[in-house]
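Right, one structure below, let's go through it.
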Amino acid sequence: MRGFVALSRAPGRQTGRQEPDPRVLACLDAPGGIRTEIDENGWVAVAADRADEAVPPLSGAFTVPLGRMARTRQGDVSPETLGGMIERREDLAALLPPFAALHRGGPGEPLAVAGDWLGFHQMFWWQGDGVAAVSTSARALAELAGEGLDARGLGVLGLVGWQIGDTTPFRSVRAIPPGAVAVLRGGEVTLERYPSDAAAPAPEQPPALDDAVAEMADILRAWQTGYMEDHPDTVIQLTGGHDSRILLAAVPDKLKAGMRALTLGEPSAPDVVIAARLAARYGMKHEVYRTDLQTDPTPERAWELTLQAARELECQASPLALAPLLVAEGALEQGHRLGGLGGEVARGFYYAGQAGAANTSAELVHRLARWRLFSNEAVEADAVDPEFLATARGETLAMLEGFFPAGDWLRATDDFYLWHRMHRWAGSHGTVAAVKRHYVNPMFDQRFVQLALAVAPDDKRDSLLLGRLMTRLDPGLAAIPLDSGLTPARLAHRTFGTRLAAKSVTARKAVRKVRQRVAGGRRPQLGAGGMSQLVLTHWRAHPEVVAGLRDLPQVRRDWLDGVLAGTRTAEPTTVAFLVNLLVASGKDHP
């Protein structure tokens with residue numbers, strides 16, 4: 001299912017929203033049609049992503065999965081079983097993210113919307129006066145609310161490039177938090193949290209590294225064995241990095257032979273070269289999507305894809321990062337796909353340059369914001385109103401200070417990267433994937449993440465934890481260098497040589513970061529640069545498509561005029577922000 005909108009009114013309340021507005025339903029992007037049910041208490045509308053996808057009747061009891069997958073370590077979960085899990089709230093945390101479902105126990109009963117323990121599958125809520133609504137579309141709720149844009153959410157988007165906490169670009173529209181069931185009844189929405197082990201505080205005494213590695217390996221083996229046996233046609237998206245190789249290592253050797261692997265890139269790219277070597281080792285079927293053989297879309301098509309990406313992301317993250325993937329995925333099979341995104345909290349890549357024995361402070365939060373959060377995807381200062389940017393910086397820094405728990409600083413960064421970066425940034429992109437295919441990542445198992453969080457930060461530095469995990473799962477794979485040149489088997493043991501090699505890689509990254517900051521440059525995501533140039537070409541040929549930006553107070557008109565005239569250019573991160581702003585404001589239709 002692609003999405004839904006549900007609205008509830010207080011008894012006897014007349015709100016002017018007695019039935020779904022076509023503008024609201026248009027936000028659901030429903031190629032398979034929309035089923036609606038209207039009664040005296042409100043209405044619900046559920047969209048089908050495909051013409052052959054059946055939406056159950058919505059007048060009685062029903063359970064509607066909102067993504068392709070609902071699974072625990074024990075196996076796939078049927079809608080009937082899901083309904084009971086949602087009503088009891090028990091075992092919901094055992095479902096692998098991304099997961100979401102819509103449930104009603106019977107006629108007249110409250111509507112419950114359950115999300116996964118990480119809040120990875122993005123959903124949103126809005127509370128008005130005697131009326132409330134929940135949806136997979138923040139834009140749909142913005143249409144219902146009619147309150148316009150949210151300056152704070154736009155500020156976060158302009159500086160970070162994605163949302164944090166529960167912010168959205170729309171006033172009064174908020175993201176449903178991790179591990180929650182949103183219950184809609186009597187014109188009110190209630191967020192009811194369910195227990196999650198991953199959300200528990202880290203133990204005072206961290207587990208022994210080898211004990212944690214042994215349990216984490218067992219978890220991944222259980223997931224991979226069960227999933228591959230149930231779905232032997234599963235494709236693993238294999239790269240030259242650590243995370244996807246760990247997932248491959250957890251597949252039993254007997255199931256690796258003949259397994260399908262997919263890599264995106266040109267033949268000489270490290271990802272393709274290393275993935276081909278790994279596939280040959282086990283007799284896997286390696287499929288390469290040759291990016292060098294693909295014809296670039298026309299500027300007009302690039303603009304259409306970028307707008308589509310902004311809408312599918314609900315203006316929560318960069319559409320220029322998603323648009324190239326929409327091109328690729330349009331040529332790829334949308335079935336069962338293993339992906340490795342999610343190892344961040346197990347390797348603590350963000351520890352680089354951070355003090356190892358410090359407590360959380362405003363100074364450390366601000367330093368991390370300047371060094372990482374505001375440096376990669378921020379809008380160019382020249383493109384936006386200075387007052388907007390100054391206010392955004394102050395408000396976003398204040399928000400960030402509240403998101404880093406007191407105590408150990410490195411554990412606080414773990415907390416932020418899991419509950420904000422993974423929840424909101426990765427989740428925005430992952431939700432798009434989850435409604436198109438079975439998006440499977442066993443490293444989102446809540447116990448696996450809990451163990452990764454519990455391990456002492458020093459045991460995660462320089463990929464010690466992941467190197468040891470890889471070695472335990474498959475020593476042969478661990479002996480093959482990664483795309484960084486580092487070898488997992490060597491990283492598994494902290495010696496002078498491995499420290500020196502890891503520090504060398506970290507130093508090279510730090511030098512690039514320093515150069516980036518000195519030059520005032522941004523780091524657009526893969527493929528965003530080429531798509532941005534095509535979009536700019538279309539803007540200059542058809543300036544009417546962005547005429548709506550001239551009416552928005554956040555944008556400097558003289559800067560925009562210079563870009564359209566070709567006398568100045570725009571960085572991909574700025575183009576991404578402007579596209580989101582155009583779509584969020586509803587000015588994307590000239």
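The values are calculated or read from the model by the stated rules, or taken from the named source; none is laboratory data. Just so it is clear, the structure is predicted and the values come from calculations on it, not from any experiment. Here Cβ is always computed from backbone atoms with ideal geometry, including for glycine, and neighbour counts include all displayed protein chains.
If the condition is being under 21 Å from PHE124 (Cβ atoms) and at pLDDT below 90, then region 17-38 contributes ARG17, GLU19, ASP29, ALA30.
Mind telling me which of the residues GLY226, GLY283 ends up being at pLDDT 95 or above, surrounded by fewer than 20 Cβ atoms within 10 Å (Cβ to Cβ), assigned by TED's automatic domain parsing to the domain that holds ALA452 and in contact with a strand residue (DSSP E or B) (Cβ under 9 Å, 6 or more places away or on another chain)? Exactly one residue qualifies, and that residue is GLY226.
Taking the residues in region 31-48 that are part of a loop (DSSP other than H, G, I, E, B) and more than 27 Å from the chain's Cα centre (by Cα) as candidates, determine which candidate is surrounded by the fewest Cβ atoms within 10 Å (Cβ to Cβ).
Ranking the qualifying residues of region 31-48, first place goes to GLU40.
Just to verify a result, which residue in region 376-400, among those that are assigned to a loop (DSSP other than H, G, I, E, B) and over 23 Å from the mean Cα position of the chain (by Cα), is nearest to THR413 (Cα to Cα)? Ranking the candidates gives GLU380 first. Do we have ALA355 as farther than 30 Å from THR72 by Cβ, hydrophobic (A, V, I, L, M, F, W, C) and not in a helix (DSSP H, G or I) here? When the stated conditions are applied, ALA355 passes them. Could you go through region 178-201 and let me know if any residue there is at pLDDT below 95, more than 23 Å from the chain's Cα centre (by Cα) and not assigned by TED's automatic domain parsing to the domain that holds GLY12. Yes; the residues of region 178-201 include at least one that is at pLDDT below 95, more than 23 Å from the chain's Cα centre (by Cα) and not assigned by TED's automatic domain parsing to the domain that holds GLY12. If you check ALA101, ALA51 for being buried (at least 16 other Cβ atoms within 10 Å of the Cβ) and either assigned by TED's automatic domain parsing to the domain that holds VAL449 or outside any helix (DSSP H, G or I) (or both), only one passes: ALA101.
Matching residues to (1) of a type in the set (Asp, Glu); (2) touching a residue at least 12 places away in the same chain (Cβ under 8 Å); (3) surrounded by fewer than 20 Cβ atoms within 10 Å (Cβ to Cβ); (4) more than 22 Å from HIS366 (Cα to Cα):
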{"residue": "LEU397", "(1), (2), (3), (4)": "no, yes, yes, no"}
{"residue": "LEU400", "(1), (2), (3), (4)": "no, yes, no, no"}
{"residue": "GLY407", "(1), (2), (3), (4)": "no, yes, yes, no"}
{"residue": "ALA426", "(1), (2), (3), (4)": "no, yes, no, yes"}
{"residue": "PRO442", "(1), (2), (3), (4)": "no, yes, no, yes"}
{"residue": "PHE448", "(1), (2), (3), (4)": "no, yes, no, yes"}
{"residue": "PRO457", "(1), (2), (3), (4)": "no, yes, no, no"}
{"residue": "LEU464", "(1), (2), (3), (4)": "no, yes, no, yes"}
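One residue alone among ASP129, ASP166 is more than 30 Å from ARG71 (Cα to Cα) and surrounded by fewer than 24 Cβ atoms within 10 Å (Cβ to Cβ), and that residue is ASP129. Would it be correct to say that PRO56 is surrounded by fewer than 19 Cβ atoms within 10 Å (Cβ to Cβ), part of a loop (DSSP other than H, G, I, E, B) and within 26 Å of the chain's Cα centre (by Cα)? Against the criterion (surrounded by fewer than 19 Cβ atoms within 10 Å (Cβ to Cβ), part of a loop (DSSP other than H, G, I, E, B) and within 26 Å of the chain's Cα centre (by Cα)), PRO56 does not qualify.
Tell me, yes or no, whether region 10-24 has at least one residue that is within 27 Å of the chain's Cα centre (by Cα), assigned by TED's automatic domain parsing to the domain that holds LEU102 and part of a strand (DSSP E or B). No, region 10-24 has no match at all.
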